[in-house]
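Here's the structure we're looking at; comments come further down.
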Amino acid sequence: MILTLSPRALADLDEIRAYLISKSPQGAESVRSAIADTLDLLARFPGTGHETDIAGVRIIPVVRYRYLVYHAVLADEVVILHIRHGARDAPTRTDLR
């Protein structure tokens, strides 16, 4: 399966890193690694996770951290739409653009 990160998801990763690196460079690397592992899992098993209230959008938690990966599964591609901390409110469809 092809894995594609939307511009929003790429910006999310930059924001997560910027926030965490000021707190703990080692912690930032641990979170980055856990997110990368989750993305690898999605590429291998695109049906992983569960549906959200938004049609066509699925969600999977990042193991050990409170981040959630919102994604859509297309014919031969998994599109990562948004990566968001679980303490935040669920995104709306417009948040996923």
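All of the numbers you see were taken from the coordinates with simple rules; none came from a lab. These numbers were taken from a predicted model, which means no experiment stands behind them. Cβ atoms come from the backbone with ideal geometry, glycine included; neighbour counts cover every protein chain shown.
Structure data summary
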item	result
Neighbour-count ranking [beta-carbon atoms within 10 angstrom, fewest first] of I80, I21	I21, I80
Taking region 1-87 and dividing mean pair separation by its residue count, relative contact order in percent (alpha carbons under 8 Å, at least six apart)	35
Size of electric dipole in the chain: Cβ of Lys, Arg +1 and of Asp, Glu -1, about Cα centre, debye, nearest 20	240
Helix 7-23 axis, angle to the chain major axis (alpha carbon atoms, nearest 10°)	20
Y70, Y65, Y19 arranged by Cβ crowding within 10 Å, fewest neighbours leading	Y19, Y65, Y70
For region 2-96, convex hull of alpha carbons as volume per residue, Å³	92
Ranked list, fewest to most other Cβ atoms within 10 Å of each Cβ, for T38, T4	T4, T38
Counting DSSP beta bridges with both ends in the chain, the antiparallel % (nearest 5)	75
C-alpha long axis of helix 25-44 to longest principal axis of the chain, angle in °	10
Given charges at Cβ of Lys, Arg, Asp, Glu: the chain dipole, positive-most of A75, G47, A28	A28
